[in-house]
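**Q** Got a structure for you, written out below as structure tokens; questions coming shortly.
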Amino acid sequence: MNIQGQAALVTGAGSGLGEATARELARLGAKVGVLDLHLDNAQRVANDLCALYGKGAAVAVSCNVSDPDSMAQAIDTAAAAHGPARILMQIAGIGTSKRVVGKDGNAAPLEDFIQVINVNLVGTYNAARLFAAAAAKLDPLEDGERGVMVWTASVAAFDGQVGQQAYSASKAGVVGMTLPMARDLAKHGIRVCTIAPGLFATPLMKTLPEPVQASLAASIPFPTRLGKPEEFAQLAAHIVSNTHLNGEVIRLDGALRMAPR
């Protein structure tokens, strides 16, 4: 798919990997719906993109991916500004680390596990189903393509660390959904791929002390540094452009395999 002129939705676009992806799509000529739970963050990014690429380059939309009404409204709001979207970048997510049995001997709260699953896994499915239903109604492009989705998993889906039960389970669910949904939506000309990033220099990572960041970077075989959000964004954009990429999960981690802790 040629990104130029297409309407795109980017969830979690108010910061980190989502912001970098929104910026890359706008640079390539897409009209970007900047979706985020925090509207002020989304508005900051959208304002920047409009200043760089013109008034219609981006629109900020408040969005809770795990809420059906909020996600549906976000899709409608972005479509009113840019037309129906053919690109969905599902990047919104949360992380947590909690041992099954705490230092106090008590079991981890079930609601913490449920929250992570709801945002990361249910939220991905919710965004995907609503986007796909709208994209399936569009006229086909070259190769019969109507839309493309790029989801975000994590290397934790494959080698989660101590305390990452909820996070790893949610991201493994995203990985497990990728191929069956690609097969499901093939008849509609909608592709589905997932990126599983390793350690990236996101705002959350940058809150850690410098020695901790350096230690994490040193664990990456090559290049021995944290990933750059722009590198994630470049891969996400390439997946859109390369029509033969479908049903695939791509690790983007510098050959990192996480240790148990």
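The values are calculated or read from the model by the stated rules, or taken from the named source; none is laboratory data. Remember, predicted model here, so these are calculated numbers, not experimental data. So basically every Cβ, Gly included, is an ideal-geometry build from the backbone, and we count neighbours across all protein chains shown.
**Q** Residues of region 12-30 being under 14 Å from the mean Cα position of the chain (by Cα), hydrophobic (A, V, I, L, M, F, W, C) and not in a loop (DSSP other than H, G, I, E, B), which ones?
**A** Hits for region 12-30 are 17, 20, 22, 25.
**Q** Which of (1) under 20 Å from the mean Cα position of the chain (by Cα); (2) surrounded by fewer than 20 Cβ atoms within 10 Å (Cβ to Cβ); (3) modelled with pLDDT of 95 or more is the odd one out, the single condition residue 150 does not satisfy?
**A** Only one criterion is unmet by residue 150, namely (2).
**Q** Residue by residue through region 66-94, note down the ones that are part of a loop (DSSP other than H, G, I, E, B) and crowded, with 23+ Cβ neighbours inside 10 Å.
**A** The answer is 85, 86, 91, 92, 93.
**Q** Of the conditions (1) out of contact with any strand residue (DSSP E or B) (no Cβ under 7 Å at 6 or more places or on another chain); (2) under 27 Å from residue 230 (Cβ atoms); (3) in a helix (DSSP H, G or I), residue 97 fails just one. Which one is it?
**A** Answer for residue 97: the failing condition is (3).
**Q** In addition: Of a type in the set (Asp, Glu), closer than 22 Å to residue 119 by Cα and touching a residue at least 12 places away in the same chain (Cβ under 8 Å): is that true of residue 253 in this structure?
**A** The answer is no for residue 253.
**Q** Every residue in region 227-250 that is over 13 Å from residue 199 (Cα atoms), touching a residue at least 12 places away in the same chain (Cβ under 8 Å) and part of a loop (DSSP other than H, G, I, E, B), please.
**A** Once the filter is applied, which keeps residues that are over 13 Å from residue 199 (Cα atoms), touching a residue at least 12 places away in the same chain (Cβ under 8 Å) and part of a loop (DSSP other than H, G, I, E, B), region 227-250 yields 243, 245, 246, 247, 248.
**Q** Separate question: Within region 107-136, work out how many residues are part of a loop (DSSP other than H, G, I, E, B) and surrounded by 12 or more Cβ atoms within 10 Å (Cβ to Cβ). Outline the logic, then answer.
**A** Here is the first cut: in region 107-136, the ones part of a loop (DSSP other than H, G, I, E, B) are 108-109, 136.
Then drop every residue that is not surrounded by 12 or more Cβ atoms within 10 Å (Cβ to Cβ), which leaves 108, 136.
Number satisfying all stated conditions: 2.
**Q** Please go through region 207-261 and pick out each residue that is modelled with pLDDT of 95 or more, more than 21 Å from the chain's Cα centre (by Cα) and crowded, with 16+ Cβ neighbours inside 10 Å.
**A** 220
**Q** Separate question: Do we find that residue 43 is in a helix (DSSP H, G or I) and closer than 19 Å to residue 124 by Cβ in this structure?
**A** When the stated conditions are applied, residue 43 does not pass them.
Quick grid of which residues meet (1) part of a helix (DSSP H, G or I); (2) within 23 Å of residue 130 (Cβ to Cβ); (3) free of Cβ contacts under 8 Å to residues at least 12 places away in the same chain:
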| position | (1), (2), (3) |
| --- | --- |
| 166 | yes, no, no |
| 174 | yes, yes, no |
| 194 | no, yes, no |
| 213 | yes, no, no |
| 257 | no, no, no |
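**Q** From the list 104, 139, which residue is in a loop (DSSP other than H, G, I, E, B), over 17 Å from the mean Cα position of the chain (by Cα), modelled with pLDDT of 95 or more and not aliphatic (A, V, I, L, M)?
**A** Going through 104, 139 in turn, just one is in a loop (DSSP other than H, G, I, E, B), over 17 Å from the mean Cα position of the chain (by Cα), modelled with pLDDT of 95 or more and not aliphatic (A, V, I, L, M): 139.
**Q** Could you list, in sequence order, the residues of region 46-65 that are in contact with a helix residue (DSSP H, G or I) (Cβ under 6 Å, 6 or more places away or on another chain) and either more than 18 Å from residue 92 (Cα to Cα) or not in a loop (DSSP other than H, G, I, E, B) (or both)? Before the answer, list the steps.
**A** Step one: of region 46-65, the residues in contact with a helix residue (DSSP H, G or I) (Cβ under 6 Å, 6 or more places away or on another chain) are 49-50, 53, 57-65.
Correct list: 49, 50, 53, 57, 58, 59, 60, 61, 62.
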